[in-house]
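Note sheet for the following structure.
The values are calculated or read from the model by the stated rules, or taken from the named source; none is laboratory data. Since this is a predicted model, take the numbers as computed values, not measurements. Because the Cβ atoms are built from the backbone with ideal geometry, glycine has one as well, and the counts that use them run over all protein chains shown. We work out accessible area using only protein heavy atoms, side chains counted, and drop any ligands, DNA or RNA first. Shrake-Rupley method; radii C 1.70, N 1.55, O 1.52, S 1.80 Å.
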Amino acid sequence: MPTRLVAVAFDAQEPTAVARFWAELLGREVVDEDDGVLLRGDERQVGLRFVAASTQKVGLGRLHLHLTSASPEGQRATVEKALSIGGCHLDVGQLPEEGHVVLSDPEDNEFCIIEAGNGFLAGCGPLGEVACDGSRAVGVFWQQVLEWPLVWDQGEETAIQSPAGGTKLAWGGPPVAPKRVRNRQRFDLAADDLDSEIARLTSLGAARLADVDEGVELADPDGNEFRIVGA
């Protein structure tokens, strides 16, 4: 069985509080862990994990979440709900004519409520996309890591999606901002045969960074940290 994506992990000063925000927004269960909180995903919807960390977020993250809308009324309702439970409007230079709404969660993680009728995210479910800064090469790397189909590959932009459908992982292509500090967001993976999967990932272009509890931290070809543990 290939490496599995368990969750998109976010460092958080108050992981329980921010996890409850996302649990209410997405209708998921909060599962306590030793160092944080997990909102489990399934074969179609990516999981989210919030891990205790002392550092504060500075600047924009290298990935953000896109939530979908079934109707204009549904988009407005999701925005209103997010604001009522601790979200805030965020200006990242979006144009007035753009249909999506940009918000931040209680720990300043950016996310977008996408307008109804967006064809790219049609049928992807409530958590439609994990939108990442990254090169085409890193999109192809992750396609090989997860063995998910490449569902978009145009103009240096790439996207992959589970064979079951659901949440897409997408990379916006150049220009990619230089990475100067450790990311506060990462992919958390699991594998049945940890050693052989670490060898496979490094053969695909990953760099081994450090041993962590029950696994290893690596970096993808763009230098973004991720973790893999034994299943």
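Using 0.36 nm times the number of residues separating Glu97 and Ala164, minus their current alpha carbon distance, what extension gain do you get?
Working: separation 67, 0.36 × 67 = 24.12 nm, distance 3.34 nm.
Full-extension gain reported as 20.8 nm.
Each label point was placed 7 Å from the Cα along the Cα-to-Cβ direction; for Asp195 and Val181 their separation is 3.8 nm. Spatially, the stretch 68-101 and the stretch 122-182 are offset by 22 Å when compared through their Cα centroids.
Please calculate how many Å² of accessible area the stretch 88-231 carries per residue, with a 1.4 Å probe and no DNA, RNA or ligand atoms counted.
Details: 6620 Å² over 144 residues.
Result: 46 Å² per residue.
Rounded, prolate or oblate for the stretch 162-209? Axes are the square roots of the Cα gyration tensor eigenvalues, ordered a ≥ b ≥ c, and the cut-off for rounded is a/c under 1.5. Numbers along the way, then the final one.
Numbers: a/c = 1.98, a/b = 1.20, b/c = 1.65.
Oblate is the answer for the stretch 162-209, as a/c is 1.5 or above yet b/c matches or exceeds a/b.
Please list the equivalent ellipsoid semi-axes of the stretch 57-181, computed as the square roots of five times the alpha-carbon gyration tensor eigenvalues, in descending order and whole angstrom. Show your work: numbers first, answer last.
Details: eigenvalues 119, 70, 32 Å².
Semi-axis lengths for the stretch 57-181 are 24, 19, 13 Å.
Compactness of the chain, taken as the C-alpha radius of gyration over 2.2 N^0.38 Å, stands at 0.97.
With charges set only on the Cβ (+1 for Lys and Arg, -1 for Asp and Glu), what does the dipole of the chain come to about its Cα centre, in debye to the nearest 20?
Numbers: 20 positive and 38 negative charges, 64 e Å.
Its charge dipole is roughly 300 debye.
Between 0 and 90 degrees, the angle of helix 72-84 with respect to the longest Cα principal axis of the chain falls at about 80 degrees. Couplings 3J(HN,Hα) for the stretch 109-117, derived from phi with the Karplus relation 6.51 cos²θ - 1.76 cosθ + 1.60 (θ = phi - 60°), are 7, 6, 7, 10, 9, 7, 5, 4, x Hz, where x marks Gly and Pro. Rounded, prolate or oblate: which one fits the stretch 1-57, using the alpha carbon gyration tensor with axes a ≥ b ≥ c (rounded when a/c is under 1.5, else prolate when a/b beats b/c, else oblate)? Here the stretch 1-57 falls in the oblate category. For the pair Thr16 and Ala137, label points projected 7 Å from Cα toward Cβ lie 4.4 nm apart.
Just the number, please: carbon plus sulfur as a percent of the accessible area of the chain, 1.4 Å probe, no ligands or DNA/RNA counted. The value for the chain is 49 percent carbon and sulfur by accessible area. Fully extending the segment from Leu209 to Arg40 would add 58.2 nm, taking 0.36 nm per residue of separation and subtracting the current Cα-Cα distance. Overall shape: prolate for the stretch 111-231, with the ratio a/c of the largest to smallest alpha carbon gyration tensor axis at 1.5 or above and a/b above b/c.
Return the FRET efficiency for the residue pair Leu150, Ala122: r is the Cβ-Cβ distance, R0 is 25 Å, and the value is rounded to the nearest 0.05. Write down the numbers at each step before the final one.
Numbers: r = 18 Å, r/R0 = 0.72.
That pair, Leu150 with Ala122, gives E of 0.90.
A simple spin-label model places pseudo-atoms 7 Å from Cα toward Cβ; at Val31 and Ala52 they are separated by 2.0 nm.
If the chain linking Ile85 and Asp108 were pulled fully straight, counting 0.36 nm for each residue of separation and taking away their Cα-Cα distance, it would gain 6.9 nm.
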